[in-house]
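Colleague: Below is a structure I'd like to ask you about.
Every number in this text was worked out from the coordinates using simple rules, so none of it is lab data. It should be emphasised that the depicted structure is a prediction, and the values quoted were computed from it without experimental measurement.
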Amino acid sequence: MKKGFSYNARKLNLQVEKIVGKAALPKARVIAERHVNKVKKEFIAEINRSPVIQEIKAGPRRVSSKFIISDKPVNLFGLLGFEAGSEPWEILYDIINEDVRLIKTVRLVNGYYRFPVIVPTIGEIEDQTPLPWTSKSWITAMERGLNGLEKFYIFVKGKNFRGSRSQKGIQIKNNLGNKKLKTNKFFTPIWRTFLSKLRGVKL
């Protein structure tokens, strides 16, 4: 679960056509909330299908990675330094489920109820998803690259490393050959689509 965090979040406007009759505003709010929840589920499902998330979910036991160029088998979970048994992807689900929400203020504009939706920025999400050994986000690392891979002593099948967070690799002083992380825009395009489904949508 994520730690307490105060977002300086943006507000998007979700618009619901004015409903005539008794309890019109509560009915409009229900429509807006259903739409927001639907979009959240779609985002989580799309992220969950991402090859990056699938590799990380495979944990420290996976013996290869399509995102790392190396002359030996490399484990992405271990390379990123996650704790054995941890589920770092869950923070993304928590952020979406808990921090994307309608606020109480509503206005009637041109025949539509306008519901502001609070959404964190990518920068705030990155602050909530740091690598265990640095303040840099693992989302940023996967999308823009990561330094120091040549010092990572990589996975050896059937062997666990004492003192290693993932138990499948350690950082050492000397270089151990070339390794390169293939960047993958697994988050940003899905996030932009998510925002587009909330920004200025008329229901």
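Colleague: So for the range 13-116, averaging the separation of alpha carbon pairs under 8 Å that are six or more residues apart and normalising by length, what relative contact order in percent results? Each step should come with its number before you reach the end.
Modeller: On the way: 97 pairs, mean separation 37.6, N = 104.
Reported as a whole number, the value is 36 percent.
Colleague: If you don't mind, there's one more thing I want to ask. Express in nm, to one decimal, how much length is gained between TRP133 and LEU25 on full extension, taking 0.36 nm for each residue of separation and deducting their alpha carbon distance.
Modeller: 34.0 nm
Colleague: Which links in LYS41/LYS180; LYS41/LYS185; LYS41/LYS66 stretch past 31 Å when you go from one Cα to the other?
Modeller: LYS41/LYS180
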